[in-house]
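Every number here is computed from the coordinates shown, using simple stated rules; none is lab data. Just so it is clear, the model here is predicted, and its values are computed rather than measured. Cβ coordinates were reconstructed from backbone atoms using ideal geometry, including for glycine residues, and neighbour counts include every protein chain displayed.
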Amino acid sequence: MSIKLMAVGDIFLQTKDRVNNPLCFVQEVLKNADIVFGNLEAPVTKIQNQSIEKAVSLKALPENLSFLKKANCSIVNLANNHICDYGATGAIETIEYLSNEGIQFIGVGQNIYDCLKEVVFKINNITATFIGFYIDGESLSSDGIYVAGMNRQLVLYRIAELKSQYDFVIVSFHWGIENVFYPSPEQQVFARECIDTGASVILGHHPHRLQGIEEYDKGVIFYSLGNFNFEMCGAGISPHPELSAIADITLHDDGSVTHTLMPIKVDNEYRPKPIAEPEQLLKFHMHISNISALLSSDIEKWWWFGEIAKPYLVGNGEAFLIRIRRYGIKHLYQMVSWLSSRFVIKCYVGIILRWLRRGHSQL
């Protein structure tokens, strides 16, 4: 006996025209799963005005939730950096619309306890429970909505608590650096610690790139499932924004986990499509193999800073410039402060060390 879980990355529930079904090419595939999981990267609301000054604010039309239902979506993560783009009201509307459609959610709630609450599925006499967290270390609140923060001790406590009650614990993390292919050393250590504590599957998202997969002990870590239904963000910053995957995961009644990947390509209308062309399949598998190979050992800190420095600095720099043009000089002050922050300074060091390594290798 087993449970078939299919997991995907970032979804914002629209095409370029905002009304056509963005999941039309994958909905039949997803109907083969007992549970379908995704990261809903947009509040579902009718509110017109965004509540915070951001370079990118997202929202989905309530009627577009029917596309998730057609695609057999069972559960979504809401603990992400866009759920409050239209304020607490927009987030609360999202909860209400999802509940009306019978789609479960994790990571947010109207009090501190609800945002940490698990969602449990019992299928074929096997229990699987889901919890979700956002990269910030503490739970965030905004006028009546709470987003579960990725506090290390709290996450590990919840995993241990749930493992004592259910067969499988699946943890969703909205984490990492956008437009990069590698998790940080800290992410890798923490993901393994979660598996050691009792998690069976880690489902990551936020970088908008498909990252490597690590089989660790009896669990599996998907550091980032990339875009699924999403605009090609960062297309000029790092390659392969179009590559994605459906993680086809089987939870067996003996406690083991197996998985395969269904290669996906996101088209110019933001629609995910299974890859069928042999040349494209080869490109996909070579890419996944290359970025996963480094995960078999510990990622080295300064190598990682060298790898992520350019997409991180360029991506955030462009976002600051957008905010300065839209909202004024206070965002210029924030940019100056960011450019001198400890993390950015480490990026500068990573760039220098990468340059030195390359120069040395050519001698």
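Over the chain, DSSP H runs of length four or greater, each weighted -39,500 (n - 2.57), average out per residue to a 222 nm ellipticity of -11000 deg cm²/dmol.
Just to verify a number: FRET efficiency for HIS252 and GLU101, C-beta to C-beta distance, R0 = 25 Å, to 0.05? After rounding to 0.05, the efficiency reads 0.25.
Label separation (ARG325 vs MET286): 3.7 nm, computed from points 7 Å beyond Cα along the C-beta direction. Based on Cα contacts under 8 Å between residues 6+ apart, the stretch 217-363 shows a relative contact order of 18 percent. Put the Cα centre of the stretch 1-74 next to the Cα centre of the stretch 307-339 and the gap is 29 Å. Suppose R0 equals 22 Å. What FRET efficiency, 1/(1 + (r/R0)^6) with r the Cβ-Cβ distance, do GLU269 and LYS70 give to the nearest 0.05? Efficiency computed from Cβ-Cβ geometry: 0.85.
Please give the per residue volume of the convex hull enclosing the alpha carbon atoms of the stretch 245-320, rounded to a whole number of Å³. Provide the component values of the computation, followed by the final result.
Details: hull volume 13.9 nm³, N = 76.
Once divided by residue count, the hull of the stretch 245-320 is 183 Å³.
What the pair-distance distribution of the stretch 169-221 shows, using all Cα-Cα distances binned every 5 Å from zero, is 5, 22, 33, 25, 12, 3 percent. Springs between Cα atoms under 10 Å define the GNM used for the chain, and in it the highest mean-square fluctuation of GLU28, GLU277, GLU41 occurs at GLU277. List the pair-distance distribution P(r) of the stretch 302-361, using every Cα-Cα distance, as the percent of pairs falling in each 5 Å bin from 0 up to the bin containing the longest distance, rounded to whole percents. Values per bin, smallest distances first: 4, 19, 23, 20, 14, 10, 6, 3, 1, 0.
Each listed q (0.10, 0.13 Å⁻¹) maps to a log10 I(q)/I(0) for the chain, found by the Debye formula over equal Cα scatterers with no solvent: -0.60, -1.06. Please sort through the DSSP H helices of the chain and keep those with an alpha-carbon extent of at least 27 Å along the long axis and a Kyte-Doolittle average not below -1.0. Answer set is 301-327, 342-361. Taken about its Cα centre, the chain carries a charge dipole of about 1000 debye when Lys and Arg each add +1 at the Cβ and Asp and Glu each add -1 at the Cβ.
Over the stretch 1-153, what is the relative contact order in whole percent, taking alpha-carbon pairs under 8 Å and six or more residues apart? Spell out each step's value before the answer.
Details: 325 pairs, mean separation 32.1, N = 153.
Answer for the stretch 1-153 is 21 percent.
Sorted ascending by nearby beta carbons within 10 Å, beginning with the fewest, LEU156, LEU5 become LEU156, LEU5. How much of the pair distance distribution for the stretch 77-234 lies past 20 Å, counting alpha-carbon pairs only, in percent? Above the 20 Å cut-off, the stretch 77-234 has 49 percent of its Cα pairs. In this simple spin-label approximation, LYS218 and ILE351 carry label points 7 Å from Cα along the Cα→Cβ vector, and these lie 4.7 nm apart. Summing +1 for each Lys or Arg and -1 for each Asp or Glu among the other residues whose beta-carbon sits under 15 angstrom from that of ARG342 gives +1.
Shown here for the stretch 38-100: trypsin sites (Lys or Arg not before Pro) in loop regions (DSSP other than H, G, I, E, B) with at most 14 other Cβ atoms within 10 Å, namely LYS46. Normalised by the number of residues in the stretch 302-361, the mean separation of alpha-carbon contacts (under 8 Å, six or more apart) gives a relative contact order of 57 percent.
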